[in-house]
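A.B. asks: One structure coming up, written as structure tokens, with questions to follow.
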Amino acid sequence: MPSARFGSVVGLALALAAVSPAPSFAAPPLPEAAKPYAEAAARIIAAARADDAAWQRLARLCDDIGHRLTGSKNLERAIAWAKAEMKADGQENVRGHAVEVPIWVRGEESLALVHPRAAPLPMLGLGYSPGTPPGGVEAEVLVVVDEADLERNKARARGRVVVFNDPMRPFDAVCGTHYGEAVRFRSSGARMAAEHGAVAALVRSVTAHSLRTPHTGTQGYREGPPPIPAAAITTEDADRLARMQARGQAPRVRLAMQAANRAPGQSENVIAELVGRERPDEVVVISGHLDSWDVGQGAHDDGGGVVMAMESLRILRALGLRPRRTIRVVLWTNEENGVAGAKAYAKDFAAELPKHVAAIEADMGAFDPKGYTFQHLDPAAERRGLRRLRALTALLRPIHADHAESGFAGVDVYQLREGRVPLLGQMTDMARYFDIHHTAADTVDKVDPRELADNVAAMAIMAYALAEMPGRLDDPEPEKK
Ligand SMILES: [Zn+2]
């Protein structure tokens, strides 16, 4: 065997390299539709990778302001910061777009195992959860795996704390993330439990990997039975409670939460523009959400997306790349618990939506960019838009972000779907995203400067090409001759 002769695979590779030239994998030629933007794309990539400006900007947001829950002083500070930064960048039409937002406050909260022994349990209340009565609720737990398990055991749910212990499967190359299926107990577990008379619900954190970190998030129920307090617990403690129940130890917990829903308040989406040189009334939106959960720093979710949009506009302006149409940064407010910012934008800018040629959202973390999802209200427009998008994503081959597929583009831009706006979602390598999603560990040190810079490059190139190209992604096909 040749490998035995050289002693190792490395030796074999070196030997082969010595006798034959490295095989050359010629890149396929750039599609005609992408060629006009190739030079700009190369300049954008060089500018984005030249330094760690994007990461430094994200670090200031994360370190100086921190997490940014709707209704918090921190979010107000972040809104003022984003406006000041983009004014300093020389952006045009920097302004706030006033939005009425729901206000949920966490307050003091705690969870403890009280039987068969006393031990504190790390927890995070879920958005929109009501608080417990003063002093908390104490009850035996009923651990269930899923809906069918709850249905089988519903007679035992009354007066109990129902624990949903459905493990999220790890990220895999074929299916990607399993977040979409695992999150349903966080979204509606409390409602399911309340229907059977439970006094509270605890949900296994939506993650496949845990360092005993609880993951918060919102829940979707405001109809049905009166809401019961709901919180996330760690995967480790969910498993522990399940083991205790299986051993017949009848574990009991005490949950105390001061969470409350308050009267609606005021917030703002932040807007800034690079005004188009030929068709200023036609708009490409680039966006991320400025609010975050009230734990960690909201670095990947979604400080990264915010900085991608801000830096894209800064780099395009610095390079003198003013496209035909306007590129508009929109930093959404209240994505995490209400989506009020994007809903208000869709309503208040309804008359302009026909001239929104695309809306890009980055809200899948700031890991290596992979490409774009594409979504359109009209399936035929989605098919031809995706075909045209694939020509443009070829511009992103140098940063390995040239993938394009039909798919959900993001919660915020989804609000523009009824306005028939072509929607793009910035895809990233999500293998590690849900390990830290909505936790105290979502901090800026988890963001890699080069990966963030490549995301900036991808968004700036895509925004530029969409704002510069003669037509729109969803234009009807030309008449066949
Ligand atoms: Zn997000």
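Read-outs: derived from the displayed coordinates by stated rules, not from any lab. Here the structure is a predicted model, which is why all the values come from computation and not from measurement. Don't worry about glycine lacking a Cβ; one is built from the backbone with ideal geometry, like all the others, and counts go over all protein chains shown.
A.B. asks: Pairwise over distinct Cα atoms, reciprocal of the mean inverse distance: report the Kirkwood radius of region 26-94 in Å, one decimal place.
C.D. replies: Result for region 26-94, one decimal place: 15.2 Å.
A.B. asks: Which peptide among 272-279, 300-307, 193-200 comes first, and what is the full order, when sorted by highest mean count of other Cβ atoms within 10 Å?
C.D. replies: Answer by packing, highest mean first, reads 300-307, 193-200, 272-279.
A.B. asks: Taking a quarter of the surface of the Cα convex hull of region 56-132, what do you get in nm²?
C.D. replies: Projected area, direction-averaged: 7.6 nm².
A.B. asks: Would you mind computing, in nm to one decimal, how far apart the modelled labels at K347 and L377 are, each placed 7 Å from Cα along Cα→Cβ?
C.D. replies: Result: 1.7 nm between the two label points.
A.B. asks: Apply 1/(1 + (r/R0)^6) to the Cβ-Cβ distance of R158 and R277, taking R0 = 56 Å, and write down the FRET efficiency to the nearest 0.05.
C.D. replies: Between R158 and R277 the formula returns 0.25.
A.B. asks: How far apart, in nm, are two points set 7 Å out from the Cα along the Cα-to-Cβ line at A148 and at K73?
C.D. replies: With each label placed 7 Å out from Cα toward Cβ, I get 5.2 nm.
A.B. asks: A follow-up question, please. Helix-derived [θ] at 222 nm for the chain: sum -39500 (n - 2.57) over DSSP H runs of at least 4, divide by residue count, nearest 500?
C.D. replies: -9500 deg cm²/dmol
A.B. asks: Over the alpha-carbon set of the chain, divide Rg by the Kirkwood Rh and report the Rg/Rh ratio to two decimals.
C.D. replies: With Rg and the Kirkwood Rh in hand, the quotient comes to 1.03.
A.B. asks: Dipole size in debye (nearest 20) for region 21-115 around its Cα centre, Lys and Arg Cβ +1, Asp and Glu Cβ -1?
C.D. replies: Its charge dipole is roughly 120 debye.
A.B. asks: Also, quick follow-up: Given a Förster distance of 35 Å, report the FRET efficiency between Q249 and D172 from their Cβ-Cβ distance, rounded to the nearest 0.05.
C.D. replies: Efficiency for this residue pair is about 0.50.
A.B. asks: What does the extension gain come out to for D64 and S406, with contour length at 0.36 nm per residue minus their alpha carbon separation?
C.D. replies: Gain on stretching D64 to S406: 119.3 nm.
A.B. asks: Relative to the Cα centre, what is the charge dipole magnitude of the chain, using +1 at the beta carbon of each Lys and Arg, -1 at the beta carbon of each Asp and Glu, and rounding to the nearest 20 debye?
C.D. replies: 420
A.B. asks: Separation between the D475 and E181 pseudo-spin-labels, each 7 Å from Cα along Cα→Cβ, expressed in nm?
C.D. replies: A separation of 4.2 nm, rounded to one decimal place.
A.B. asks: Same structure, new question: Which of rounded, prolate or oblate describes region 326-376 when judged by the alpha-carbon gyration tensor and an a/c cut-off of 1.5?
C.D. replies: It comes out oblate by the Cα gyration axes.
A.B. asks: Just name one of A358, I286, L126: the one whose Cα is farthest towards the positive end of the charge dipole of the chain (beta-carbon charges, Lys/Arg +1, Asp/Glu -1).
C.D. replies: The Cα lying farthest towards the positive end belongs to L126.
A.B. asks: In whole Hz and in residue order, list the ³J(HN,Hα) couplings for region 108-119 that follow from phi through the Karplus curve 6.51 cos²θ - 1.76 cosθ + 1.60, θ = phi - 60°; x for Gly and Pro.
C.D. replies: 5, 8, 7, 9, 9, 6, 10, 8, x, 8, 8, 6
A.B. asks: List the pairs from K87/K446; K87/K370; K35/K370; K83/K343; K83/K370 whose alpha-carbon separation is above 26 Å, in the order I gave them.
C.D. replies: K87/K446; K87/K370; K83/K370
A.B. asks: Subtract the Cα-Cα distance of R95 and D52 from 0.36 nm times their separation in residues, and report this length gain in nm to one decimal.
C.D. replies: Additional length available on full extension: 12.8 nm.
A.B. asks: Let me ask something additional. For region 107-258, what number results from the quotient of the Cα radius of gyration and 2.2 N^0.38 Å?
C.D. replies: The value comes to 0.96.
A.B. asks: While we're on this one: Say the dipole of the chain comes from +1 at the beta carbon of Lys and Arg and -1 at that of Asp and Glu; which of Q426, G276, G265 then lies farthest toward its positive end?
C.D. replies: Selected residue: Q426.
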